[in-house]
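Only one structure is covered here, and it is reproduced in the block below.
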Amino acid sequence: MQASPTSIVGKEIDIYVGILSPNQRVRTWTPVGMPFDERRGVLNEGIVPYAQKYVPQNGFRLSQVKLESICVIFNSDDPIGHYSWFVWLIQSGKPLNNPQNWIGLASLPFFLFE
């Protein structure tokens, strides 16, 4: 995801990165690291920020925020069907449920099948 350089440069933003599954289950990443690979983020149930009070200097690229991989390993509990990977940019400290607080939004659909 990229955002316009002039729209967010120097402004604090909160960043959410996650997936929405066919059964409406939402999971988001945090860059906590895992015991077997400290460069890989952790996928959490619910909505938690990937980064808070991040201040972009030259527009926005997710790769500039953290140097960790974002991946998910699907298991038999995950339903077959249409998923969406998303990135939300929100005014820092503001609630997600008010669209006026949104600075940017990107979504990428993908399909999980057997």
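The values are calculated or read from the model by the stated rules, or taken from the named source; none is laboratory data. This one's a predicted model, so the numbers in the text were calculated from it and none came from an experiment. Using ideal geometry, Cβ is built from the backbone for each residue, glycine included, and neighbour counts are taken over all protein chains shown. Quick note on the areas: whole protein, heavy atoms, side chains included, nothing else; ligands and nucleic acids left out. Shrake-Rupley method; radii C 1.70, N 1.55, O 1.52, S 1.80 Å.
Could you check the spin-label model distance between Val26 and Gln52? Points 7 Å from the Cα along Cα→Cβ, value in nm.
1.7 nm
So between Gln64 and Asp77, what do we pick up on full extension, going 0.36 nm a residue minus the alpha carbon distance?
Contour length minus the Cα-Cα distance gives 1.4 nm.
Please list, ordered by chain and number, the residues whose modelled amide H lies under 5 Å from the amide H of Tyr83; skip anything fewer than 5 residues away on the same chain.
Distant-sequence amide H within range of Tyr83: Phe110, Phe111, Leu112.
With a 1.4 Å probe and all protein chains kept in place, how do Trp85, Trp29, Trp102 rank by accessible area, largest first?
The ordering from most to least exposed comes out as Trp102, Trp85, Trp29.
Could you compute how much accessible surface Asp77 exposes when probed at 1.4 Å, giving the result in Å² to the nearest 10?
About 130 Å², ignoring ligands and nucleic acids.
Leaving ligands and nucleic acids out of the surface, order Ile80, Ile19 by accessible area at 1.4 Å, largest first.
Ile80, Ile19
Roughly how much of Ile13 is accessible, in Å² to the nearest 10, using a 1.4 Å probe?
0 Å²
To the nearest 10 Å², what's Arg27's accessible area with a 1.4 Å probe?
Its accessible surface works out to 20 Å², give or take rounding.
If Ser84, Ser107 are ordered by their accessible area, calculated over protein heavy atoms with a 1.4 Å probe, which sequence runs from highest to lowest?
Of Ser84, Ser107, the descending order of accessible area is Ser107, Ser84.
Tell me which residues come under 5 Å, amide H to amide H, from Ala51 once H is placed; ignore anything under 5 positions away on its chain.
Amide H to amide H, under 5 Å and 5 or more residues apart or across chains, Ala51 pairs with Ile15.
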